[in-house]
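Q: Just dropping this structure here.
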Amino acid sequence: NELIRSGWCAFGHRFERRLRGGPRGTDRDQRSPIFLQFMDAVAQLFNQYPHKFEFTHVYLAFVLDVAYSGAFVEFTKDSEHERRASSASSSFPSSHETPLVPQDDPGA
């Protein structure tokens, strides 16, 4: 949870453009699987060193589902400024309010 917030959201990853092609999908040429590739790399490391991680494959799959569905404001905007502005006026929950924890993950 904190890695995604600090390493991706605060750093300025453009989730809206990279995952969905911008607002209403108008910038399809901006789509990029970089977050998916990062999560795949984490999964590969998890496969090699499962006892070194504090989460499970269920958690990784859950984060990807949440990211691509846009269920949390962190994954629906392109900058921290946009996320803060959206949080104030949106019905999207934030992972600060609702932690990114799947209900059926006994290892979380």
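Q: Given a 1.4 Å probe and heavy atoms of the protein chains only, how would you sort Asp65, Asp78, Asp40, Asp29, largest accessible area at the top?
A: On the way: Asp65 105, Asp78 15, Asp40 80, Asp29 130 Å².
Putting Asp65, Asp78, Asp40, Asp29 in descending order of accessible area: Asp29, Asp65, Asp40, Asp78.
Q: At a 1.4 Å probe radius, which order do Arg17, Arg83 fall into by accessible area, largest first?
A: Values: Arg17 55, Arg83 10 Å².
Result, largest first: Arg17, Arg83.
Q: Let me ask something else. Determine the gain in length on full extension of the stretch Ala10-Glu80; use 0.36 nm per residue of separation and subtract their C-alpha separation, reporting nm with one decimal.
A: 24.6 nm
Q: Which order do His51, His81, His57, His13 take when ranked by solvent-accessible area (1.4 Å probe, heavy atoms of all protein chains), largest first?
A: His51, His81, His57, His13
Q: Here's another thing I want to ask about it. Given a 1.4 Å probe and the protein chains all in place, what does the accessible area of Arg31 round to, in Å² to the nearest 10?
A: Looks like 120 Å² after rounding.
The values are calculated or read from the model by the stated rules, or taken from the named source; none is laboratory data. Predicted model, so just to flag it, every value in this text is computed and none were measured. Ligands, DNA and RNA are stripped out before the accessible areas are found, and what is left, the full protein with its side chains, is counted by its heavy atoms. Shrake-Rupley method; radii C 1.70, N 1.55, O 1.52, S 1.80 Å.
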